[in-house]
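One structure is given here, and the rest of the page talks about it.
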Amino acid sequence: MPAQPYQPRRLWRDVTLFDGCDTLPEPMAVMVAGESLERVIPMRELDRAAAEACETMGQGGVMTPGLVDCHTHLVFGGSRAEEFEKRLEGVSYEEIARQGGGILSTVRATRAASEEELFRLARPRLEALLHDGITTVEIKSGYGLTVEDELKMLRVARRLGEALPVRVVTTLLGAHALPPEFKGDSDGYIDLVCREMIPNAAEQGLADAVDVFCEKVAFSVAQCERVFEAAEAHGLPIKAHAEQLSNLGGSAMAARHGALSADHIEYLDEVGVAALRKAGSTAVLLPGAFHTLRETQRPPIAALREAGVPMALATDANPGSSPLFMPTLMLNFACTLFRLTPREALAGMTAHGARALGLHDRSLGRIVEGAPADLCLWNVDAPAELAYAVQPGRLRQRIFKGEVIHG
Ligand code: NIG
Ligand code: FE
């Protein structure tokens, strides 16, 4: 029989444990073997022999699963600080988009940037997320809008995952905005997305999923549906930016296609909630965009809760609608702006964030035996404090695949 590879056992003692769903009622011990969680037991059940066979890595504090940011646009060129000022003067996000600014201004800067330059710009943004507890992040394309520029963005996202200790999941968002060269021919652009972008990204293994922006300032429900059909033909899961600025029914259509998630959803109605529930899709809440755009329409939290639709929470980190690179701030925003409970907010950035990425089968985002050992150890007394106070510097250890990375 081949010898078992040596797997160092590591132990965290006396932690207050939020397991991705709930806070456990008593102090816990967490034992890691190699890259996975081997035992998660109450302290009173930890016998001396087992403890002595481990290296103790930490004692006390609050332990959560490593945070999952299931919706970001981290790769981009340029800045939208000027647009920020315009919006403060009262010009709306939609108006700026109609004038060729907004997403299209980032498209110009992203197209002009080399792959190397985009990598150099994105790296510190991703590092900011890691320093705030992220161990899994989704990164979208969507600022290239040509086959080559979209693939360039996805390559940067993949490279980030190779360079830094984090799991990166990539999403092709070719249908994000209509590029200027297709003005007046949005169906022609959707043809390009379906016939060239998706097949190329799929063949090169650059995309783990396909996203669309279903909105009056972007693409219609029928156009998004064509994108989903192309994604399905290439075996790629789908998701949608939907019901962000108006209610077009994009979430319900995405749900009919078995979407992983519908994201933003401020304008989601009862029909949309029922469709998500039926499909088992996750509702992704993005309070950073709600805050930045000074939106007043809140997502239908009570209806989602009542229907039992899992609610994930993400930064939507991007240069326009959410230039916010601090996941724990989103825990606070989700509670103060959307009235989530701290428990729901934390589940949204752990277990439900993983679900929105289709990774829950492997128990990612949970602290249960057999799950990947991606963990955070925080210098707080109770999990709710992570949502209650906005305070950088509380992450004592970030544990990625069983290794303590920061701390
Ligand atoms: O998630 N809604 C559309 N897309 C992004 C915004 C991107 C941008 O403004 O650059 C979002 O909010
Ligand atoms: Fe987004």
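A Förster radius of 56 Å, combined with the Cβ-Cβ distance separating Ser246 from Glu403, puts the computed FRET efficiency at roughly 0.75. Of the residues Ala259, Thr296, Leu245, the one whose Cα sits farthest toward the positive end of the charge dipole of region 238-299, with +1 on the Cβ of Lys and Arg and -1 on the Cβ of Asp and Glu, is Ala259.
Surface analysis of region 311-407 yields an accessible area of 34 Å² per residue, using protein heavy atoms and a 1.4 Å probe.
Note that region 142-190 presents 32 Å² accessible area per residue, ligands and nucleic acids not counted, probe 1.4 Å. One decimal place: the segment Glu181-Val390 gains 70.9 nm when fully extended, by the rule 0.36 nm per residue minus the C-alpha distance.
Between rounded, prolate and oblate, where does region 241-400 land on the alpha carbon gyration tensor, with a ≥ b ≥ c its root eigenvalues, rounded for a/c under 1.5, else prolate if a/b exceeds b/c? Oblate. Taking amide H as placed 1.01 Å from N in the peptide plane, the amide H of Gly174 sits under 5 Å from that of Asp211, each at least 5 places away or on another chain. Number of Lys-Lys pairs in the chain with C-alpha atoms under 17 Å apart and a separation of 8 or more places or on different chains: 4.
Over what distance in Å are the Cα centres of region 66-124 and region 265-344 separated? About 21 Å separates the Cα centre of region 66-124 from the one of region 265-344. Only alpha carbons enter this Debye calculation for the chain, each as an equal point scatterer, and the log10 of I(q)/I(0) it gives at q = 0.07, 0.08, 0.15 Å⁻¹ is -0.32, -0.41, -1.35.
Extension gain, Ala112 to Thr341, is 78.1 nm, computed as 0.36 nm per intervening residue step minus the present C-alpha separation. Taking all protein chains into account, the per residue accessible area for region 1-141 stands at 46 Å² (1.4 Å probe). Quick check: at a probe of 1.4 Å, how many percent of the accessible area of region 21-92 sits on carbon and sulfur atoms? Using a 1.4 Å probe with all protein chains present, region 21-92 comes out at 50 percent carbon and sulfur.
Per atom type, region 131-184 shows carbon and sulfur on 56% of its accessible surface, probed at 1.4 Å. Using θ = phi - 60° in the Karplus curve 6.51 cos²θ - 1.76 cosθ + 1.60, the 3J(HN,Hα) couplings for region 383-394 round to x, 4, 5, 5, 8, 6, 9, 9, 8, x, x, 8 Hz; x is entered for Gly and Pro. Here region 209-256 has 53 percent of its accessible surface on carbon and sulfur atoms, given a 1.4 Å probe and all protein chains in place.
Modelled spin labels at Glu162 and Glu45, positioned 7 Å past Cα toward Cβ, are 4.2 nm from each other.
Rounded to 0.05, the FRET efficiency of the Glu55 and Arg294 pair, given R0 = 45 Å and the Cβ-Cβ distance, is 0.35. Evaluated with a Cβ-only charge set (Lys, Arg +1; Asp, Glu -1), the chain carries a dipole of roughly 500 debye about its Cα centre, given to the nearest 20.
The values are calculated or read from the model by the stated rules, or taken from the named source; none is laboratory data. Because the structure is a prediction, the values reported are computed rather than measured. Cβ coordinates were reconstructed from backbone atoms using ideal geometry, including for glycine residues, and neighbour counts include every protein chain displayed. Side chains are part of the model used for accessible areas, which takes the heavy atoms of the whole protein and leaves out ligands, DNA and RNA. Shrake-Rupley method; radii C 1.70, N 1.55, O 1.52, S 1.80 Å.
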